[in-house]
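Throughout, read-outs are computed from the coordinates displayed, never taken from laboratory work. Quick caveat: nothing in here was measured; it's all calculated off a predicted structure. Here the Cβ positions follow ideal geometry from the backbone for every residue, glycine too, while neighbour counts run over all protein chains shown.
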Amino acid sequence: MVIQMKKFLVAAFAILLPGIFAQAQAADYALRLSQGGLHDDRAPDKALGGGQLALDIKLDNLPIAISIAGEYYKKGPDAIYPYEIQNLNVIYLLCTTPLTKKWKSNIYGGGGIGVLEVPKSDVESNNSEWGIVFDAALGINTRVFRKLGVYVEGKYIYSSKTRNNVKVIDFSDFGLLVGISYNFGW
């Protein structure tokens with residue numbers, strides 16, 4: 001996960017640098033980092049812990065943001081069960097609107113598509129299954145101090161994959177994330 005986060009941060013800064021040095025920005029950027037989890041009936045306590053690192057690119061003239069997110073949901077440091085998600089990378093198309101004009105708060109919602117990696121059910125194989133994931137998100141991002149904010153996001157993840165008449169990936173889970181944000185446009 002650390003290597004994936006490093007790759008994500010390098011890509012995020014590569015996207016941000018031209019906008020930081022340009023005199024006329026056509027977009028606002030926000031970085032979001034959170035912790036939370038998913039509700040999954042297959043887990044012993046019906047919960048998976050997880051986190052998200054996301055880069056939001058909001059177009060100035062449209063109420064639309066494109067968000068690139070990297071996530072994980074698992075019981076421990078390494079995902080070993082097929083109901084855990086080792087890696088989840090999603091690109092979202094989000095509609096966003098200000099909550100109030102006086103205080104910087106945005107409500108956002110939309111859907112995304114991406115790929116996820118889960119461990120195979122055969123633990124000894126030490127391999128992973130990859131599949132397509134559909135993700136819906138609804139959240140609020142509120143300024144706390146200068147460019148720093150907090151956000152809460154509810155989500156729904158769906159992914160299903162069958163191999164030889166056996167479901168190797170099966171997710172239809174709801175989740176909640178709470179985190180901090182750094183909003184370059186505030």
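A few comments on the model shown:
- Between Ile107 and Val144, full extension at 0.36 nm per residue minus the direct alpha carbon distance yields a gain of 11.8 nm.
- Computed from the Cβ-Cβ distance with R0 of 41 Å, the FRET efficiency linking Leu33 to Ser160 stands at 0.90.
- In terms of surrounding Cβ atoms within a 10 Å radius of their Cβ, Arg163, Arg143 rank from fewest to most as Arg163, Arg143.
- Label-point gap, in nm, between Lys46 and Leu99 - each point 7 angstrom along Cα→Cβ: 2.8 nm
- For the stretch 153-186, the residues whose amide N sits under 17 Å from a probe point set 7 Å from the Cα of Ser128 along the beta carbon direction are 159-161, 168-171.
- For Leu99, the amide hydrogen comes within under 5 Å of the amide hydrogens of Ser105, Asn106, Ile107, counting only partners 5 or more places away or on other chains and with H modelled in the peptide plane.
- On the basis of the beta-carbon distance and an R0 of 35 Å, Asp60 and Leu176 show a calculated FRET efficiency of 0.70.
- Residue-count net charge about Ala65 - beta-carbon cut-off 14 Å; Lys, Arg +1, Asp, Glu -1: -2
- Going from the residue with the fewest nearby Cβ atoms within 10 Å to the one with the most, Glu153, Glu117, Glu71 rank Glu117, Glu153, Glu71.
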